[in-house]
Amino acid sequence: MGDFTPISTLDGDGSFDAYVARPEGESKAAIIVIQEIFGVNEGIRRKCDGWAKAGYVAYAPDLFWRLEPRVELDADVPEEFQTAIGLMQKFNQDQGIRDIEATITAARAAGAEKVGLVGYCLGGRMAFMAACRTDGDAFVGYYGVGIDGLLNEQHAIGKPVLLHVPTADHFVLPDAQKAMHEGLADNRHVTLFDYEGLDHGFAAEMGNRRDEAGAELADGRTADFFAQSLA
C-alpha cells in the first residue's frame with residue numbers, strides 16, 4: 001500500500017526517507033507514525049497501512065537516517081535488540097524533532113489540513129516532545145520512555161495529547177509513572193490511560209511483546225481520539 005518517499009530537512013540541506021501509505025480516496029488529515037528504536041520496520045509500516053485504510057495519509061519518517069539509513073530491526077532477536085539500544089544512545093533527539101517537524105511540513109504541503117502524530121517507545125517520548133515543540137494538531141504516545149523528565153516543557157502544550165501507560169512497563173518504572181500522572185493531572189490538554197499488568201511494547205503489530213486485548217483497546221482509543229481531534 002505504501003512506499004518510501006524523500007522528505008526535505010527543515011534547513012533544506014538534505015533529505016531523509018519516510019514510508020508513506022495513502023488511502024484510496026481523498027484525505028484531509030495525515031498521521032505521522034513515530035518509530036520505536038527498531039527503525040521503520042515491518043511493524044511500523046503496518047501501522048501506516050492501517051491508518052491509510054482508515055482514510056488518512058500516513059507517514060513514518062526514518063529518524064535514524066543519520067546513523068544507519070533504513071535500518072530494520074526485530075525486537076525479538078537479542079542481537080538486534082542490542083543494536084537498537086546502541087542506535088538509541090547515539091540518536092540526537094533534538095534533530096529528530098526537527099525531522100518530525102519537516103514531516104509535518106511535508107504533509108501539509110501535500111494537502112493535509114490537520115496532522116496527528118502517534119509514537120511508540122522512543123517514538124512515544126518523541127510524540128510528547130513534539131506536542132511541546134511542534135505545531136501538530138494531536139499527539140499520542142504509547143509507553144513513552146522518560147516523559148517524567150520532560151514535564152517542565154508541558155506548559156507549551158496547546159493541542160490534545162493522549163498517553164497510553166502500561167503499568168508493568170519495565171522501561172518506565174512505577175515512580176516514573178506516578179510522576180507522569182501527578183505532573184500532568186492539571187494539564188487540560190493531556191489524557192492518560194493505564195493498562196493494568198501490561199508491559200512495554202504491548203501494542204506492537206507483531207512479535208512476542210503484543211497483547212491482543214490491550215492493543216485493541218488502546219488502538220481503539222487512539223482511533224477515536226484522532227477521529228475527534230483531526231476532524
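Worth pointing out:
- Test: residue in segment 83-104 that is touching a Ser or Thr at 6+ places or on another chain (Cβ under 6 Å), among the acidic types (Asp, Glu) and either on the phi < 0 side of the Ramachandran plot or not in a loop (DSSP other than H, G, I, E, B) (or both): yes
- Filter result for Val20 (out of contact with any helix residue (DSSP H, G or I) (no Cβ under 7 Å at 6 or more places or on another chain) and crowded, with 23+ Cβ neighbours inside 10 Å): yes
- Scanning segment 23-54 for residues that are assigned to a loop (DSSP other than H, G, I, E, B) and either under 18 Å from the mean Cα position of the chain (by Cα) or at pLDDT below 95 (or both) yields Glu24, Gly25, Glu26, Ser27, Lys28, Gln35, Glu36, Ile37, Phe38, Val40, Asn41, Ala54.
- Sole exception among (1) touching a helix residue (DSSP H, G or I) at 6+ places or on another chain (Cβ under 7 Å); (2) under 21 Å from Phe171 (Cα atoms) for Gln89, by number: (1)
- When residues of segment 201-212 are limited to those that are surrounded by fewer than 21 Cβ atoms within 10 Å (Cβ to Cβ) and touching a residue at least 24 places away in the same chain (Cβ under 8 Å), the one farthest from the chain's Cα centre (by Cα): Asn208
- When the residues of segment 1-33 are filtered to those that are in contact with a Cys (Cβ under 9 Å, 6 or more places away or on another chain) and among the aliphatic types (A, V, I, L, M), the one that is nearest to Gly141 (Cα to Cα) is Val33.
- Among (1) closer than 23 Å to Gly50 by Cβ; (2) in a strand (DSSP E or B) - the single one Asp194 does not satisfy: (1)
- Qualifying residue in segment 55-70 (condition: closer than 17 Å to Asp219 by Cα, assigned to a helix (DSSP H, G or I), at pLDDT 95 or above and of a type outside the set (Gly, Ala, Ser)): no
- Residues being under 16 Å from Gly149 (Cβ atoms) and either surrounded by 24 or more Cβ atoms within 10 Å (Cβ to Cβ) or in contact (Cβ under 8 Å) with a residue 40 or more places away in the chain (or both) - total across segment 92-118: 0
- Among residues of segment 23-69 being of a type in the set (S, T, N, Q) and in contact (Cβ under 8 Å) with a residue 40 or more places away in the chain, the one that is surrounded by the most Cβ atoms within 10 Å (Cβ to Cβ) is Gln35.
- The one condition from (1) out of contact with any Ser or Thr (no Cβ under 6 Å at 6 or more places or on another chain); (2) closer than 20 Å to Met129 by Cβ that Gly214 does not meet is (2).
- Scanning segment 168-184 for residues that are touching a Leu at 6+ places or on another chain (Cβ under 7 Å) and either at pLDDT below 95 or outside any helix (DSSP H, G or I) (or both) turns up just one, Ala168.
- Looking only at segment 119-136, and only at residues there that are out of contact with any strand residue (DSSP E or B) (no Cβ under 6 Å at 6 or more places or on another chain) and within 14 Å of Val190 (Cβ to Cβ), the one that is surrounded by the fewest Cβ atoms within 10 Å (Cβ to Cβ): Cys132
- Number of positions in segment 158-175 that are within 12 Å of Ile147 (Cβ to Cβ) and surrounded by 17 or more Cβ atoms within 10 Å (Cβ to Cβ): 6
The values are calculated or read from the model by the stated rules, or taken from the named source; none is laboratory data. Just so it is clear, the model here is predicted, and its values are computed rather than measured. Reconstructed Cβ throughout: ideal geometry from the backbone, glycine too, with neighbour counts over all protein chains shown.
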